[in-house]
1. Out of T37, T13, T33, report the one residue that is closer than 16 Å to V102 by Cα and modelled with pLDDT of 85 or more.
2. Can you name the residue in the range 131-172 that is at pLDDT 80 or above and of a type in the set (G, A, S) and is also farthest from M1 (Cα to Cα) among such residues?
3. Enumerate the pairs (first residue in the range 22-49 and outside any helix (DSSP H, G or I); second residue anywhere and of a type in the set (S, T, Y)) with beta-carbon separation below 8 Å, excluding pairs fewer than 6 apart on the same chain, so at least 6 apart or on different chains.
4. Among the residues of the range 56-114, which ones are out of contact with any His (no Cβ under 9 Å at 6 or more places or on another chain), at pLDDT below 75 and assigned to a helix (DSSP H, G or I)?
5. Looking at (1) more than 30 Å from S130 (Cβ to Cβ); (2) at pLDDT below 80; (3) loosely packed, with under 14 Cβ neighbours inside 10 Å, which is the one condition that is false for M1?
6. Restricting to the range 122-142, name every residue that is of a type in the set (A, V, I, L, M) and over 19 Å from the mean Cα position of the chain (by Cα).
Amino acid sequence: MVRAITGTISFTTMNLGLMNLPLAIFSTIFNSTPFVTAILAYFYLKESITMCEVIAMAGSFSGIIMIAFSTPHEGGEQNQTLDEMNNPIFGPNVSPTFKYVVGVTGVCFTAVFMSICYIATRAMKDLHYSVIQFNYALVNTVSVGIIILIQCAWKSYQNLENTRWPFMYDHW
């Protein structure tokens, strides 16, 4: 169940990051997942890490930190790109810096929860893969159903006379 829940959370936060960040920044931070996985595997699965791997991970992580903390400047190209992104969650009156912070936070949570998912899968060596996938699909289906119901209730509350099935990526 841990793998199923963390997998669902990582997929949800991944979508949040994709909707709020340019793809280049998203993919750079998203690819820090092996770094987090190696650290978790060292502590929880007692796997070894060589000194060369530690140095490479430190260099990679410092680059990811620099990218993550480079917030968009007023009037800059990145600020304009974030301003032009059609984001159905926040609406048009939200600052690009807030969208950027939400996107970076979402991608960082994705890396952590996806790493927990990988570690949990590796720890369950004796369990048949079909049981793991079934639990993941079951939890994912239930959680997406709950998210859709919450979105429908929210849209119905906001606009009682014109109720539609709202989804995160709709452009009605």
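1. Result of the check over T37, T13, T33: T13.
2. G145
3. Between residues of the range 22-49 that are outside any helix (DSSP H, G or I) and residues that are of a type in the set (S, T, Y), the close pairs are P22/T81; S32/S60; S48/Y42; I49/Y42.
4. A68, E77, Q78, Q80, T81, L82, D83, E84, P96, listed by residue number.
5. If we test M1 against (1) more than 30 Å from S130 (Cβ to Cβ); (2) at pLDDT below 80; (3) loosely packed, with under 14 Cβ neighbours inside 10 Å, just (1) comes out false.
6. Once the filter is applied, which keeps residues that are of a type in the set (A, V, I, L, M) and over 19 Å from the mean Cα position of the chain (by Cα), the range 122-142 yields A123, M124, L127, V131, I132, L138.
The values are calculated or read from the model by the stated rules, or taken from the named source; none is laboratory data. These figures come from a predicted structure and were not determined experimentally. Positions of Cβ are backbone-derived with ideal geometry, glycine not excepted, and every protein chain shown enters the neighbour counts.
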